[in-house]
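I have placed the structure first, in the form of structure tokens, so that the comments after it can refer back to it.
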Amino acid sequence: MAGLAVAFAPLPVQPIRPQERTFQIEARQFAYSPSELNVNPGDTITIRLISTDVVHGLYVDGYDVSVEADPGQTATLTFTATKPGSFRFRCNITCGAMHPFMIGKLTVGANDWLFRSAGLAMVAVLGIVILVKRS
Amino acid sequence: MAKIELTRNTSIKNALISRYPQLAVFVVMLMGYIFAILAGLVGTPVGSHNFIIVFVWIAWWAILILVAVPFFGRGWCAVCPIPLPGEWLQRGAVLNPPEKKPKWFNLRWPKALRNIWLQNISFLLLALFSSVLLTTPNITGIVLAGMLFAAIGLSTIFERRAFCRYLCPVGGFIGLYSQTAPIELRIKDKQVCATCEGKPCYNGSTNGYGCPWDVFPGGLTKNTYCGLCMECLRTCPHDNIAVNMRPFSADLAKPSTRMDEAFKAFIMLGSAMIYAGVLLGPWGVLKDAAYNVGTSAWFIYAAVFLSIIFLVMPSFFALCVTRFENLNIFKKRFATLSAALIPLGLMFWVAFSLSFVLTNASYILASLSDPLGLGWNLFGTAQTTWQPMLTTILAPGQTLALVGGLIWSARTAQKAANEAKVSAIPVIGYCLIVTAVMLWLLL
Amino acid sequence: MKRSELLSRILITAGMLLAVGTPLFFWTQTPLIHARMAENGGWNPDVIQAEVGNPLHLRLTSDDVMHGFSVGQMKMDAVDVEPGKVTDVTLTFDKPGIYTFFCTRWCGVNHWRMRGTIEVSGPGANPEPAPTIPLYVTLGFDLDAPHESPVIPSNQPSAVRGQQLATNLEMSKFSNPDFYRTNSPYQLFEALSSTNLSDLEKWDVVSYIWQSNTTPKALTNGRDLYAQNCAACHGENGGGDGVFADDLAKAGEASMESMTGATDMLMQTPVDFTDSKRILGAAPALLQGKILRGGMGTGMPMWGSIFTEEQIWDLVAYLYSFQFDYQGEAQ
């Protein structure tokens, strides 16, 4: 029961007015800078991707949007952060050996899923510990 | 859920005993393995478009860690092609034992090395170079070829499958994790073995070879070292060997007290966490350090990697193994309780692997049509664009795996602690903390 | 040996020969042109033979990052050369000669060095037409001499204002391409000293004349050429602050340390086109010359074998738009 509560109970959300957020992200082999972005749900995000060595892309997990930039040609990606949670963004133009691990993280609102999972883990452990004590 | 003897079904039994189905699988696997090596050596240097990287580190790895190990234990070992050429040489035949056995050295594996420490080391070696290994076709090609030649070489010097049992980096961890699997190979009746003359299951007969895994089937109580090769099914004259379905992690009810296995658990748990942070995290400086082998950054990375695994994690765990009377008892208790880390580690690897497999599985379709990056289009899928798959199930899947693993490990800790007559709570707390860290790293 | 054993051995051997032979055979049968970053070897092979009239089929692949392929002085659309994938290109040449092929997608600071040649043989080889002598040579311009404008405008000159001002002036002498190409904006500014315009007004007229010597289409073409070929070093806004500017500066410092006796080391940082002193003192022919010839030891590529004359004039016209406000021109 507690587990279900943790997993599905709606958390109190402070409504924050959506803003326009612009981020300038530099891409190099094999990292983004900055690599962690935080926005509020509903924000309109504009990412200006600047490749500093070779052609890179930026693909956002969960939102399925992407953009690619040649060095010297900043590319822009705009989308609205309708889905809350934590989403990785990654390079989608093969840019060398470590390309599959060229990753950044976008957090929209709070990382709800992480909190719920951690909560679930604690509830589970509590349950087992109680069982252990009882036996 | 009780045991179900699968080999009671005659079709299953005959399929396992007959050498032909197994040989067919072997030929396909070995061809694939050799093709992969060639692809790695002459194909495109771009990993994501080379058969060897896509089919070893994405396809094979996914099947191994998501299906083969959790559900079939050492099932991969049963079909692995690496020991085959050496074994055929060693045996002098590819099917039943020949009349004249070839004269190889057939030495016994040295006593001091009859543990999994060499496998711990070989896995760690691969792990420390993993950023280069996982992304570079010719490096993976050289490693695969190296393992093949090592297995052949060892088969000409030592008896049985020395590479598989004592050296293979993969075998080290799938042996450990096979204890959680729902299938097993065991004898049916101990009395039958007690009165059996010659023990052909271990020494071989005209029907088959003695256990290549250097296991006495009559004494098998755990899956850890049985490679499911089915030789004993062929040699046992009393039909006393069975393949059973059984509850998950039945073997962990009687945890091992060996330190080499205990440290294997830490190696796997720790490397899953480090990989999650370095490979899937947003910290570019860690990736640089991991990839640029030979630089001072890499040496620091390697030192940190090894100290997490050999110092940090075990010491904290040791604190959870309460009550220190004397070293030997403590070591036994430490090893027994570390059984809790086995299901946890397996689920850590499942959760970690889900991420990069679902993200990159689309490369499999492209690589099927153009395995060498030469511009082929065998099945019309060569232009498949990269597209992460099933992304909505990823986070729930990882949570399920990690929380499920935590529950599983807590239960295992409970049973192991009962055995060791200590409280399970500190160990459960340890599991909770590392699970929380892994959740944070992955989600 | 039993028959089953023999057959099994044959099957295994056949399988292994297939597994080894198939990839090896097809690998040798598939000549590919490999693209690599210049630091990793560039194009391989980098010399290709062809014949006039015979279609040349090329199969290109990249071994590392995204590259592109195009041939200089030829009308063709560039194609992408993707890592691990093969791109097919067919070229037909109607004139013999040595053509330069080059990478069209930035692949590092040495991207421009990724070039190779296609040697096209065939009828029409003799007589070769005399190569056109670049204007800067005819005019005797020293491309490496400083060309500072003694006077610069206080604000950005506006071509629209200049047009209005110019209606009252006799501009025919200045509106022809010969004058435009051979004189710097400053020289036109000086030539206007006979008028009673203020300094800024004179610069406005200069900017108008400069704009009238080009077309919106040419400026757009120049803008695209700049974005694809120049911005990575010279900056997207012309400020000499492109993504490779730092790397070039470091390379310059390094080579300065190793050079002995060189006093006037050429600047290694990319030119800042917003620097009025430098640009307003440069005639179009001078800029054309620098683009054609390259930077003699700096990181500035030579584009003579790549761009057509028309492309370079378009690019030169665009460069002045970092100085002048060409309203209506796509910025």
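Shape class for the range B:1-117: oblate, because the ratio a/c of the largest to smallest gyration tensor axis (alpha-carbon atoms, square roots of eigenvalues) is 1.5 or more and b/c is at least a/b. Output the relative contact order of chain A, whole-number percent, from Cα pairs under 8 angstrom with separation of 6+ residues. Normalised by residue count, the contact order of chain A is 25 percent.
Residues whose amide H comes within less than 5 Å of that of A:Met102, counting only those at least five positions distant or on another chain, are A:Cys91 (H built at 1.01 Å from N in the peptide plane).
Take each residue of peptide A:120-130, count the partner chain Cβ atoms within 10 Å of its Cβ, and average: the result is 6. The range A:55-87 and the range B:416-443 have Cα centres lying 38 Å from one another.
Solvent-accessible surface of chain C, averaged per residue with a 1.4 angstrom probe and all protein chains in place: 50 square angstrom.
When chain C is treated as a Gaussian network with alpha carbon springs shorter than 10 Å, the biggest mean-square fluctuation among C:Phe25, C:Phe174, C:Phe307 belongs to C:Phe25. Probing with 1.4 Å while keeping every protein chain in the model, the per residue accessible area of chain B equals 39 Å². Once the 1.4 Å probe is applied to the protein heavy atoms, chain A comes out at 46 Å² accessible per residue.
Averaged over peptide B:281-291, the number of partner chain Cβ atoms lying within 10 Å of each residue's Cβ comes to 6. Accessible surface for A:Leu131 stands near 100 Å², nearest 10, in the context of the full protein assembly shown (1.4 Å probe).
Carbon and sulfur atoms: what percent of the 1.4 Å accessible area of the protein assembly as shown do they account for? Kindly include the intermediate steps, with their values, before the conclusion.
On the way: 24530 of 40110 Å².
It is 61 percent, rounded to a whole number.
The listed peptides C:243-250, B:307-314, ordered by packing as a protection proxy, come out as C:243-250, B:307-314 (highest mean of other Cβ atoms within 10 Å first).
Could you grab the relative contact order for chain C? Cα pairs under 8 Å, six or more apart, rounded to a whole percent.
Working: 547 pairs, mean separation 56.3, N = 331.
The value is 17 percent.
Close amide H contacts of B:Thr381 (hydrogens built in the peptide plane, cut-off under 5 Å, sequence separation of 5 or more or a different chain): B:Ser369. Distances between placed amide hydrogens fall under 5 Å for A:Glu26 paired with A:Ser33, A:Ile50, all partners being 5 or more residues away or on another chain. Using the alpha-carbon atoms, what tilt in degrees (0 to 90, nearest 10) does helix C:199-212 show relative to the longest principal axis of chain C? Tilt relative to chain C: about 40 degrees.
Counting only other chains, and only Cβ atoms inside 10 Å, what mean value do you get across the residues of C:21-32? Kindly include the intermediate steps, with their values, before the conclusion.
Numbers: counts 1, 5, 14, 3, 0, 5, 7, 1, 1, 5, 0, 4.
Mean shielding count: 4.
To the nearest 10, the accessible area of B:Leu107 is 80 Å² with a 1.4 Å probe.
On C-alpha positions alone, give me the angle between the axis of helix C:309-319 and the longest principal axis of chain C, in degrees, nearest 10. So the inclination is approximately 60 degrees. Over chain C, DSSP H runs of length four or greater, each weighted -39,500 (n - 2.57), average out per residue to a 222 nm ellipticity of -11000 deg cm²/dmol.
Only bridges whose two residues both fall in the range A:16-110 count here: according to DSSP, what percent of them are antiparallel, nearest 5?
So the antiparallel bridges amount to about 65 percent of the total.
Rounded to whole numbers, the Karplus 3J(HN,Hα) couplings from phi for the range C:3-9 are 5, 4, 5, 4, 4, 4, 5 Hz, using 6.51 cos²θ - 1.76 cosθ + 1.60 with θ = phi - 60°, and x at Gly and Pro. Across the range B:266-277, coupling constants 3J(HN,Hα) worked out from phi with the 6.51/-1.76/1.60 Karplus curve, θ = phi - 60°, read 5, 4, 5, 4, x, 5, 4, 5, 5, 4, 4, x Hz, and Gly and Pro carry x.
Shown in residue order for the range B:419-428 are the 3J(HN,Hα) couplings computed by the Karplus curve 6.51 cos²θ - 1.76 cosθ + 1.60 at θ = phi - 60°: 4, 8, 6, 10, 7, 7, 4, x, 5, 4 Hz (x for Gly and Pro).
Summed over both chains, the contact between B and C buries some 2200 Å² of accessible surface at a probe radius of 1.4 Å. When accessible surface is computed with a 1.4 Å probe, chains C and A are found to bury approximately 1200 Å² between them, both chains counted.
The values are calculated or read from the model by the stated rules, or taken from the named source; none is laboratory data. Please read these numbers as outputs of a predicted model, since none were measured by experiment. No Cβ is skipped: glycine too gets one built from the backbone with ideal geometry, and neighbour counts run over all protein chains shown. Each accessible area value is taken on the protein alone, full model and side chains, heavy atoms only, with ligands, DNA and RNA left out. Shrake-Rupley method; radii C 1.70, N 1.55, O 1.52, S 1.80 Å.
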